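This report refers to the structure that appears directly beneath it.
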Amino acid sequence: MNTLSKAAAGKKRRGILSYWRDYLALAPFFIIFFTLTVLPVIISICLGFTYYNILETPKFVGLNNYIQLIFHDKIFSKAVSNTMVLAVITGPVGYISALIIAWMINELNPKLRTALVFMIYAPTISGNAYLIWQLLFSEDSHGYLNSMLKYLGIIDSPIYWLSDPKYMMTVVITVSLWLSMGTGFLSFVAGLQGINVSLLEAGSMDGISNRWEELWHLILPSMKPQLLFGAVMSITSAFSVGAISSALCGMPSTDYAVHTVMNHLNDYGTTRFQMGYASAIATMLFAVMIISNKLIQKLLRKVGE
Amino acid sequence: MRRYVFKRVTAAVCAAAVLSAALLTVSAEKAPSYREYAESTAAIGGNTKGAAAQLKDCVLSGGAQAVNTADGEAILLKTDSTADFTFPEIEEGLYTVTLYYRALEDSAGLLRCEIGINGSIPFEECRGIRLDRKYRYGKPQKDAYGNEIAPQPEEVYDVLSTAVSDAGGKRLDPFLFAVDKTTVLTVKNINADFYLYGVSLSPFAEAAPYKDYIKAYASERSGTDKIKIEGEDVSEISDAGIGIFCDDSSPSISPAAWKTKVINIIGGECWQTPGEAATWEFKTEKSGMYKISVRARQDYTGGLFTNRKLLIDGSLPFKEANAVRFPYKAGWYDLTLGNEDGVYCIYLEEGTHTLTLECTMGELADFVEKTQETIELLNLIYRKVFMLTGSEPDSMRDYGIESKMPELKGSFKEAHTRLKEISGGMNGITGVKSSDNVIFEDLIRQVAAFESDLESVPAGISSFQSNISALATWVNNRYNQPLDIDYIQILPSDGAVQRAQGGFFKRLSFGFTKFLGSFSSAYGRRQKDTEKTEIEVWIPTARDTSEIIRNLIWEKFTSDGNITVKTKMMGGSELSAIVAGRQPDAIIMQTESEPVNYAMRGALYPLDGFSDFEEITKRFVPVTLKPFRYNGHTYALPESMSVPLLFYRTDIFEELGLDVPQTWNEIYDAVAELQTKNMQFGGVDFNTLLYQHGGEYYREHGKSSAFDTEQAIEAFGQWTSFFADYGLPVSYNFLNRFRSGEMPLAIQDYTMANQLEMLAPEISGCWSVLPIPGTVNSDGTVNRTALTSSKSCYILAKSKHRKEAWEFLKWWTSADAQLSFTTRRENRLGTVARVAVSNLEALAAVPWSREVVTAVREQMQSLDAVEQVPGGYFTSRHVSNAFRQVVYHGGDVRETVLEYVKYINEEITERRKEFGLPTD
């Protein structure tokens, strides 16, 4: 038994060595991935247990940051609820609409399809393109939306779209949805393209009677990897919304009305130089994202069943 | 790469416009224009002999003194002082007036004077007569890498003469004044001091046309010399802004910049304002007829030609030399000076000569003047309609313009006729239909439509305003006459012009050499010196500006000290650099809040430890250092500061018969009055009101927020009531609303004056500035406190060369460095790039218009600044929260303020604990 396991271990070791070329090929990616992604995550988790003002050495404070965060920080709970509202609305809605739109334009002729894919995907790649919404929602009475409403006689004094808590959340959700046709959408388009036509033909022989059945029983199951990828992307982006709200409504927004967890993190990290606390927030966010990803994966397994 | 192609604004136009509007001091009422003056004096004439005034007979007042200088007897004419001259021998007639003057050594600032006749201004243009200075370039120096660095012009203090003419360049000939024996001619200095050596009158003789000129030299033969003068070897320039540069874009430029930078051209958009002249010296070996060929580039004006006045030995050889055209074309070309009929031949005696090229608008001048008059008319019409309808008239409403303002029909008709005439004349001159025509055509079409149906005016009012604005911008651009010159050739009149060589392969190898060279250029360093201490300074700014600073450092700082400076164009990454231990020794151009933010975490070195710190702080307004103090130490020096002023539209206030408000109580009256005419007031902020009520931000240097005091609550109530009760706009674009008249009154930073000059030329001369309104105290005095904020520069705590870094900061905030910096930036990037320097001595020398200077000086008597304290970032965020709570949702002032103060105080206490400060 002992000799056996030794032999097995030896074999295993030899195995690793005999694959050195593969590991060599992997190395560039691994090194970069490890140093720029894995390591920072580990460091950030560690920093979450310290007081760290960036300029001086971190001091260990145990669970203090987490206690403060969960039990005392009122703004954090507000940020969590804002993020949840945003994630619950923009995540699923964005995800499903991306899927449906991809499915719809898949039927079109290739040239038109390419053009549409480009048009729909363009907002996401063009960086801060959502700043044009700032123009649209300008609070100046000569701003686009305000002057239009004024012209139509609906309002007589400007609406403060970006600083009145009444409107801010709606604006941020609208803009987030506009931006949600991202990489997930592209992967759906690609997934739909990759479906074997003969499979669909076989399906119709076997008694699939309408497009919905086709979608559920044939198309979706055969593009599970893309669905999963799209889901991960949409969850990550839904939870890490922050840039949009701070760019549109200012940092911080009026009465923290659209303050998200990301904003809260930035507020502590860059404005107040409390990196330890910010790391704790990041760790929490990280954990929430992993858990919801696991949930989604479970859900997606049910597709087609 | 041409680095100087940034849009440069017509400094002189702005200056002239401001001067003509602002510096009216001899008499307040508006004088006629020169055109009207010339018409009214046209009948006088017949004089042939000039005369010079006797200095000893002149009457001095206002602080002018007779002095003896190395150049002879003179009058030292200080700002606002005058000298009266009489000419007892003169016969009645029309004369040009020539002034002989010299600038004072080491005094910066423009030389400007007013000319009065018999105690009043004869015509408007006399209000800002420009007296040019004279500068010269030394040899370019080379840095350790062999690159030539453009030298800075040095002023030459010679006695100069100027025939009094239009400062804006709208007239090609000098002004003619009607003078007789009894006339008293007054010269009044309105800007920097200068010596006046005399005044002379001479009859005006127009230069002969070219065909007469050439007849006179018909018997002369062609010369034989071939002379090439490099543009950069200019011997004299009239404005320090006329720059010489390195153009390394082509191997055909003489001399070509193959490996290192070589200064090889002159001009660009730094040499475009009418009146700016460059003079070259050359020597001919043989008398005879010569022609002049200029290797030039003019790809600036989008279709239109630009003009230069050609002077040989200081005078016009013939009439046509008044405006020599340089056509618009991509790239360099050789232009032999001439007209449609052929090349100009010029007779040159054997010996030394000078050739001067002076910017001028040429034949366009007349149209520019007429267009400006038309703009005034159009503005008047616009203002009348605007007062009735507001900027966004109700399309459903009948305003009854026809019955209320029947006179508008005539005004439109006149505007229509004038515009048509100008546009037709312009086409005759330029011969091309360029995009500029569209501006005229649009406006003509609109005015014609308005004329036929007055009721259609309200609907088109906003496009009418933007059309006027487009026309004004067009006119403003006509003042720009840019041109680059590589070299000038003086050639025998019968010889051929040799063209520059630059074949394909030459260009290819040139480009390749440049590419290779780019790998070895050291951008951050100028010297390889190892004996001196090297400090690293970060300059977080755009390339042009950092290039200016780098050159300044090299010329003025490292050249005579024991310190060399390595500059980096870095910004925004101070924090990472400090954490990584790779921080620079000093950083300049930082925000106001940064120093204390870093200082409380121990990252900055306190400057008050240096023995001469107290001495250095005298350079600034004391309160500008307030935001850099923390725990008893000062961590930064200010380098540019804001000063809020009250901007108002003089034309609108005049038309409404309103006085400009000086206190907040008067503001209420003015706001009520303005609102009846659809106009608004803007720029009111909490800080100002808070400080004027005697309130403050924090108690005991930041222990807690002081917003819960009675003064603060009162100020907050006043502030919010402007929006909640008076309906002032919360969000607006000041520039657009000010120019349209919608917001004729607002508090803005004084640098806005510059932007208005540049971006809103159509209202040039229609606005002015004053110190901000004050709060009347119970004892009747007025508290005019305004809040200022500054940019900062500081030394890092981990720096190994703190002393050297301090030497650098001292130099950088000195008057000389700051003034050179703002001047050079302005010369290169245009007037709008002028820096709001903190150094008081430098500020006094920056050429702001008179009224801006006066207002800024007065406002500087009552300035304050906000302290930066731990947790201070919570104040601004909750002030705006509280504001929105009250204005948007009608919250109770006191309750709201007190609630938010609670949040602010919580954060402050938290931070104070963090930094180990007492919290009580």
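The values are calculated or read from the model by the stated rules, or taken from the named source; none is laboratory data. Just so it is clear, the model here is predicted, and its values are computed rather than measured. With ideal geometry, Cβ positions are generated from the backbone for all residues, glycine too; neighbour counts draw on all protein chains shown.
Taking the stated definitions as given, is residue A:147 surrounded by fewer than 19 Cβ atoms within 10 Å (Cβ to Cβ), part of a helix (DSSP H, G or I) and of a type outside the set (Val, Ile, Thr)?
On the way: surrounded by fewer than 19 Cβ atoms within 10 Å (Cβ to Cβ): yes; part of a helix (DSSP H, G or I): yes; of a type outside the set (Val, Ile, Thr): yes.
Judged against the criteria, residue A:147 is a match.
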Can you tell me which of A:193, A:226 is exposed (fewer than 14 other Cβ atoms within 10 Å of the Cβ) and of a type outside the set (Gly, Ala, Ser)?
A:193
Which of the residues spanning the stretch A:35-91 are more than 14 Å from chain B (Cβ to nearest Cβ), more than 30 Å from residue A:168 (Cα to Cα) and within 25 Å of the chain's Cα centre (by Cα)?
A:35, A:36, A:37, A:38, A:39, A:41, A:42, A:44, A:45, A:46, A:48
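More than 30 Å from residue B:127 (Cα to Cα), within 14 Å of chain A (Cβ to nearest Cβ) and either modelled with pLDDT of 90 or more or surrounded by 18 or more Cβ atoms within 10 Å (Cβ to Cβ) (or both): is that true of residue B:915 in this structure?
Details: more than 30 Å from residue B:127 (Cα to Cα): yes; within 14 Å of chain A (Cβ to nearest Cβ): yes; either modelled with pLDDT of 90 or more or surrounded by 18 or more Cβ atoms within 10 Å (Cβ to Cβ) (or both): no.
Considered against the rule, which asks whether it is more than 30 Å from residue B:127 (Cα to Cα), within 14 Å of chain A (Cβ to nearest Cβ) and either modelled with pLDDT of 90 or more or surrounded by 18 or more Cβ atoms within 10 Å (Cβ to Cβ) (or both), residue B:915 comes out as no.
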All positions within the stretch B:881-895 that are part of a helix (DSSP H, G or I), crowded, with 18+ Cβ neighbours inside 10 Å and either within 8 Å of chain A (Cβ to nearest Cβ) or not aliphatic (A, V, I, L, M) (or both)
B:881, B:883, B:884, B:885, B:888
Pick from the stretch A:240-252, criterion among the small types (Gly, Ala, Ser) and closer than 18 Å to residue A:179 by Cβ, ranking: nearest to the other protein chains (Cβ to nearest Cβ):
A:246
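Residue by residue, here is whether (1) part of a loop (DSSP other than H, G, I, E, B); (2) free of Cβ contacts under 8 Å to residues at least 40 places away in the same chain holds:
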position	(1), (2)
B:358	no, no
B:365	no, no
B:387	no, no
B:392	yes, no
B:398	yes, no
B:410	no, yes
B:417	no, yes
B:420	no, yes
B:427	no, yes
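Please find, among B:721, B:778, B:768, B:789, the residue that is within 28 Å of the chain's Cα centre (by Cα) and surrounded by fewer than 21 Cβ atoms within 10 Å (Cβ to Cβ).
Details: B:721 fails: within 28 Å of the chain's Cα centre (by Cα); B:778 fails: within 28 Å of the chain's Cα centre (by Cα); B:768 fails: surrounded by fewer than 21 Cβ atoms within 10 Å (Cβ to Cβ).
After ruling out the rest, the residue left standing is B:789.
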Which condition number in (1) touching an Asp or Glu at 6+ places or on another chain (Cβ under 7 Å); (2) surrounded by fewer than 20 Cβ atoms within 10 Å (Cβ to Cβ); (3) not in a loop (DSSP other than H, G, I, E, B) is the one that residue B:470 fails?
(1)
Restricted to the stretch B:536-552, and to residues that are among the aliphatic types (A, V, I, L, M) and touching a residue at least 40 places away in the same chain (Cβ under 8 Å), which residue is farthest from the other protein chains (Cβ to nearest Cβ)?
B:552
Looking at the stretch B:857-869 only, could you name the residues that are surrounded by fewer than 19 Cβ atoms within 10 Å (Cβ to Cβ) and among the aliphatic types (A, V, I, L, M)?
B:860
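Considering the stretch A:139-156 alone, what residues qualify as being in contact (Cβ under 8 Å) with a residue 12 or more places away in the chain and either of a type in the set (Gly, Ala, Ser) or more than 12 Å from chain B (Cβ to nearest Cβ) (or both)? Please lay out each step first, then the result.
The first filter runs over the stretch A:139-156 and keeps only residues in contact (Cβ under 8 Å) with a residue 12 or more places away in the chain, leaving A:139-141, A:143, A:145-146.
Those that are in contact (Cβ under 8 Å) with a residue 12 or more places away in the chain and either of a type in the set (Gly, Ala, Ser) or more than 12 Å from chain B (Cβ to nearest Cβ) (or both): A:141, A:143, A:145.
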Within the stretch A:148-162, the residues that are more than 25 Å from the chain's Cα centre (by Cα) and not aromatic (Phe, Trp, Tyr) are A:148, A:149, A:150, A:152, A:153, A:154, A:155, A:156, A:157, A:158, A:159
Checking the condition touching a residue at least 24 places away in the same chain (Cβ under 8 Å) and touching a strand residue (DSSP E or B) at 6+ places or on another chain (Cβ under 8 Å), which residue from B:225, B:212 passes?
B:225
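Residues to consider are B:830, B:872; find the one that is touching a residue at least 12 places away in the same chain (Cβ under 8 Å) and under 13 Å from the mean Cα position of the chain (by Cα).
Details: B:872 fails: under 13 Å from the mean Cα position of the chain (by Cα).
B:830 is the lone residue from the list that is touching a residue at least 12 places away in the same chain (Cβ under 8 Å) and under 13 Å from the mean Cα position of the chain (by Cα).
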Considering each of B:166, B:132, B:143 in turn, give the residue that is of a type in the set (Asp, Glu) and farther than 30 Å from residue B:48 by Cβ.
B:143
For the stretch B:553-586, name all the residues that are surrounded by 18 or more Cβ atoms within 10 Å (Cβ to Cβ) and in contact with a helix residue (DSSP H, G or I) (Cβ under 6 Å, 6 or more places away or on another chain).
B:557, B:563, B:565, B:567, B:583, B:585, B:586
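Residue B:570: away from chain A (no Cβ under 14 Å) and within 29 Å of residue A:55 (Cβ to Cβ), yes or no?
Details: away from chain A (no Cβ under 14 Å): yes; within 29 Å of residue A:55 (Cβ to Cβ): yes.
Here the answer is yes, as residue B:570 does meet what is asked.
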Residue B:583: of a type outside the set (Gly, Ala, Ser), away from chain A (no Cβ under 14 Å) and under 23 Å from residue A:272 (Cβ atoms), yes or no?
no
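This table checks each residue for (1) in contact with a helix residue (DSSP H, G or I) (Cβ under 6 Å, 6 or more places away or on another chain); (2) of a type in the set (A, V, I, L, M, F, W, C); (3) part of a strand (DSSP E or B).
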residue: B:56; (1), (2), (3): no, no, no
residue: B:60; (1), (2), (3): no, yes, yes
residue: B:68; (1), (2), (3): no, no, yes
residue: B:73; (1), (2), (3): yes, no, yes
residue: B:85; (1), (2), (3): no, yes, yes
residue: B:88; (1), (2), (3): no, no, no
residue: B:94; (1), (2), (3): no, yes, yes
residue: B:97; (1), (2), (3): no, yes, yes
residue: B:100; (1), (2), (3): no, no, yes
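Condition first: among the β-branched types (Val, Ile, Thr) and in contact with a Phe, Trp or Tyr (Cβ under 6 Å, 6 or more places away or on another chain). Can you find one or more residues in the stretch B:289-312 that meet it? Can you show your working first?
We begin by selecting, within the stretch B:289-312, every residue among the β-branched types (Val, Ile, Thr); these are B:292, B:294, B:301, B:306, B:312.
Checking the rest, the ones that are also in contact with a Phe, Trp or Tyr (Cβ under 6 Å, 6 or more places away or on another chain) come to B:301, B:306.
Yes, that holds for at least one residue.
In the list A:173, A:159, A:132, which residue meets the criterion of being without any contact (Cβ under 8 Å) to a residue 60 or more places away in the chain, of a type in the set (Val, Ile, Thr) and more than 11 Å from chain B (Cβ to nearest Cβ)?
Details: A:173 fails: without any contact (Cβ under 8 Å) to a residue 60 or more places away in the chain; A:159 fails: more than 11 Å from chain B (Cβ to nearest Cβ).
Sole residue among the options that is without any contact (Cβ under 8 Å) to a residue 60 or more places away in the chain, of a type in the set (Val, Ile, Thr) and more than 11 Å from chain B (Cβ to nearest Cβ): A:132.
So which residues in the stretch B:319-335 are more than 12 Å from residue B:304 (Cβ to Cβ), of a type outside the set (Val, Ile, Thr) and assigned to a strand (DSSP E or B)? Give the steps one after another, and end with the answer.
To start, the set of residues in the stretch B:319-335 that are more than 12 Å from residue B:304 (Cβ to Cβ) comprises B:319-324, B:330-335.
With the extra rule that they be of a type outside the set (Val, Ile, Thr), the set shrinks to B:319-323, B:330-335.
Result: B:330, B:331, B:332, B:333, B:334, B:335.
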Got at least one residue in the stretch A:273-285 being more than 17 Å from residue A:41 (Cα to Cα), out of contact with any strand residue (DSSP E or B) (no Cβ under 9 Å at 6 or more places or on another chain) and within 14 Å of chain B (Cβ to nearest Cβ)?
yes
Please go through the stretch B:231-276 and give me each residue that is at pLDDT below 90 and among the small types (Gly, Ala, Ser), ordered by number.
B:240, B:241, B:243, B:249, B:250, B:252, B:254, B:256, B:257, B:267, B:268, B:275
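Do the conditions hold for residue B:742, that is, is it touching a residue at least 24 places away in the same chain (Cβ under 8 Å), more than 14 Å from chain A (Cβ to nearest Cβ) and under 31 Å from the mean Cα position of the chain (by Cα)?
Taking the combined requirement at face value, the residue does not satisfy it.
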